[in-house]
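Peer 1: After the structure tokens below, expect a handful of questions from me.
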Amino acid sequence: MIRIDGKRVRTGRRLGGFTLTELLVVISIIALMVSITLPTLTRAQRDGEAIHCLANERQIMFAWMQYATDSEDALCVPRSYQTALKRYADMNDVFICKGVQDESVTNSYGIASIMGGEDRDGVEAYEQLHTVSRPRERLVPVDVESESQRCFWPLLWSRERWTWRPWSWPPTASLQGMTARHSNGCNLSFADGHGQYKRWKDSRTLKLIKGQLADPARASDKNEDLEQMVEMLTH
């Protein structure tokens, strides 16, 4: 019904606007599209964080190698590596993974203890870069829990076998420091300069990292993750 010259005239079609049913249909379609795309966007964001994290490790690796070049082949001490490498990687963001949400964090990477650190559990640490055997297999920087000790050593030689090292508190005192922030895994980089993503395969490893399993010894027997870490951190 419309008005022409003051008179109401009936028309055969409805003028602009949507009915309630039509609006509900549109809203339902939009909600469905959001539910489909949101997980994809979230996954893409996490993948982006992991890629950025690996890029950080690559910069740390370059700085670590440059330090050795300028220091007569000597390796920097893991406990203070961030200070030692500052002049080669002068942006604070390089030492913080994008996956870390806490803005107060100053570091989320560790350096393997075997690379310039102390001798631990019968494993002698390398002191110079040229002495590193099988560099493609030797771990250097690694993704760790925020503010864990800079020196990374998650292993313990006990009763003639390797086990996971117990966690300690606070995190700044922990040599363990393993994380699963990137889709139940973390990023690793090696002495030859290459980096890779490592997904924890044994569910017991994840439970240890997430605090759901208190006894490291129970998580150590025939644990593929532990075996791989031993290969990367010993010689």
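The values are calculated or read from the model by the stated rules, or taken from the named source; none is laboratory data. On a predicted model such as this, the values are computed, not experimentally measured, just so you know. Neighbour counts run over all protein chains shown; Cβ positions are idealised from the backbone, glycine included.
Peer 1: How do the pairs read when you match residues in the range 195-213 that are among the aromatic types (Phe, Trp, Tyr) with residues anywhere that are surrounded by 13 or more Cβ atoms within 10 Å (Cβ to Cβ) and part of a strand (DSSP E or B), using Cβ under 9 Å and keeping only pairs 6 or more apart or on different chains?
Peer 2: As it stands, the answer is Tyr197/Gly185; Tyr197/Cys186; Tyr197/Asn187; Tyr197/Leu188; Trp200/Met178; Trp200/Gly185; Trp200/Cys186, since those pairs meet every condition given.
Peer 1: Find the residue count for the range 95-107, including only residues that are within 28 Å of Glu124 (Cβ to Cβ) and either part of a loop (DSSP other than H, G, I, E, B) or among the aliphatic types (A, V, I, L, M) (or both).
Peer 2: Going through the range 95-107, the residues within 28 Å of Glu124 (Cβ to Cβ) turn out to be 95, 107.
Narrowing the set further to residues that are either part of a loop (DSSP other than H, G, I, E, B) or among the aliphatic types (A, V, I, L, M) (or both) leaves 107.
Qualifying residue count for the region: 1.
Peer 1: Identify all residues within the range 177-215 that are in a loop (DSSP other than H, G, I, E, B), closer than 16 Å to Val142 by Cα and modelled with pLDDT of 90 or more; write none if there are none. Before the answer, list the steps.
Peer 2: The first filter runs over the range 177-215 and keeps only residues in a loop (DSSP other than H, G, I, E, B), leaving 177, 179-184, 191-194, 200-202, 210-215.
Checking the rest, the ones that are also closer than 16 Å to Val142 by Cα come to 177, 179-184, 191-194, 200.
Of everything in the range 177-215, those that are in a loop (DSSP other than H, G, I, E, B), closer than 16 Å to Val142 by Cα and modelled with pLDDT of 90 or more turn out to be Thr179, Ala180, Arg181, His182, Ser183, Asn184, Ala191, Asp192, Gly193, His194, Trp200.
Peer 1: Going through Leu155, Leu129 one at a time, which residue ends up being surrounded by fewer than 22 Cβ atoms within 10 Å (Cβ to Cβ) and either over 15 Å from the mean Cα position of the chain (by Cα) or in contact (Cβ under 8 Å) with a residue 12 or more places away in the chain (or both)?
Peer 2: Exactly one residue qualifies, and that residue is Leu129.
Peer 1: Then there is this: Does any residue of the range 165-176 turn out to be at pLDDT 90 or above and either aliphatic (A, V, I, L, M) or part of a strand (DSSP E or B) (or both)?
Peer 2: As a first pass, look at the range 165-176 and keep what is at pLDDT 90 or above: 165.
Filter again for either aliphatic (A, V, I, L, M) or part of a strand (DSSP E or B) (or both), leaving none.
No, that holds for no residue.
Peer 1: Report every pair of residues separated by at least 6 positions or lying on different chains whose Cβ atoms are under 6 Å apart, first residue within the range 69-94 and under 20 Å from Phe190 (Cβ atoms) and of a type in the set (Phe, Trp, Tyr), second surrounded by 13 or more Cβ atoms within 10 Å (Cβ to Cβ) and at pLDDT 95 or above.
Peer 2: Going by the 6 Å Cβ cut-off, the qualifying pairs are Tyr81/Ile111; Tyr88/Ala63; Tyr88/Gln66.
To keep it simple, each residue is scored yes or no on (1) assigned to a loop (DSSP other than H, G, I, E, B); (2) modelled with pLDDT of 95 or more; (3) surrounded by fewer than 18 Cβ atoms within 10 Å (Cβ to Cβ).
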site	(1), (2), (3)
Gln66	no, yes, yes
Cys76	yes, yes, no
Tyr81	no, yes, no
Asp90	yes, no, yes
Asp93	no, no, yes
